[in-house]
1. For the range 80-97, which positions are surrounded by fewer than 19 Cβ atoms within 10 Å (Cβ to Cβ) and farther than 16 Å from Asn8 by Cα?
2. Name the single residue that is farthest from the chain's Cα centre (by Cα) among those in the range 1-24 being at negative phi, surrounded by fewer than 10 Cβ atoms within 10 Å (Cβ to Cβ) and at pLDDT 85 or above.
3. Every residue in the range 25-46 that is modelled with pLDDT of 90 or more, out of contact with any Phe, Trp or Tyr (no Cβ under 6 Å at 6 or more places or on another chain) and of a type in the set (Ser, Thr, Tyr), please.
4. Enumerate the helices (runs of 4 or more DSSP H) found wholly within the chain, keeping only those where 3 or more residues are touching a residue at least 12 places away in the same chain (Cβ under 8 Å) and small (Gly, Ala, Ser).
5. Return a yes/no flag: does the range 45-66 have any residue that is closer than 16 Å to Asn90 by Cβ and among the aliphatic types (A, V, I, L, M).
6. Keeping to the range 54-75, report how many residues are over 17 Å from Ile28 (Cβ atoms) and under 12 Å from the mean Cα position of the chain (by Cα).
7. Taking the range 25-59 as the region of interest, how many residues are exposed (fewer than 12 other Cβ atoms within 10 Å of the Cβ) and among the hydroxyl-bearing types (Ser, Thr, Tyr)?
Amino acid sequence: MTMNSSDNTIYRLSPQLVASEISGETVILDYEAGKYFGLEGVGSFVWSLIQQQGQVSTDDLCEQVMATYDVEEQQCRRDVQALVADLKKNGLIEPVA
């Protein structure tokens, strides 16, 4: 599978988080910041992939989303990159050095 505009940055979950799945939604608590976040659908799926694999690239996430959901590559890439950027901005994931 050929990916356009490849992103091999590896991400992992930030260590200060507690996450749980409740009724199909992933609820994430950042207890240091006193904030919580909710993810549904594909967002919850992506979170579970990062959680299960420990460290994963945006390219790998895209491949796994496309294998599970009926989505075209360009749309998947845009959506996954936007989700990763949002998770990173909120301190929920971090790049692996």
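The values are calculated or read from the model by the stated rules, or taken from the named source; none is laboratory data. Worth saying up front: this structure is predicted, and the values here are computed from it rather than measured. Heads up, the Cβs are rebuilt from the backbone with ideal geometry, glycines too, and the neighbour counts pull from every protein chain shown.
1. From the range 80-97, those surrounded by fewer than 19 Cβ atoms within 10 Å (Cβ to Cβ) are 81-82, 85-86, 88-91, 94-97; that's our starting set.
Passing the criteria: Asp86, Lys89, Asn90, Gly91.
2. So, considering only residues that are at negative phi, surrounded by fewer than 10 Cβ atoms within 10 Å (Cβ to Cβ) and at pLDDT 85 or above, the one farthest from the chain's Cα centre (by Cα) is Ile22.
3. Correct list: Tyr36, Ser44.
4. Numbers: elements: 41-53, 58-68, 73-89.
Ranges flagged: 41-53.
5. Checking the range 45-66: at least one residue is closer than 16 Å to Asn90 by Cβ and among the aliphatic types (A, V, I, L, M).
6. Keep residues of the range 54-75 that are over 17 Å from Ile28 (Cβ atoms), which gives 55, 57-60, 62-75.
Retained after the next criterion (residues that are under 12 Å from the mean Cα position of the chain (by Cα)): 55, 57-60, 62, 64-65.
Number of matching residues: 8.
7. Summing the residues that are exposed (fewer than 12 other Cβ atoms within 10 Å of the Cβ) and among the hydroxyl-bearing types (Ser, Thr, Tyr) in the range 25-59 gives 1.
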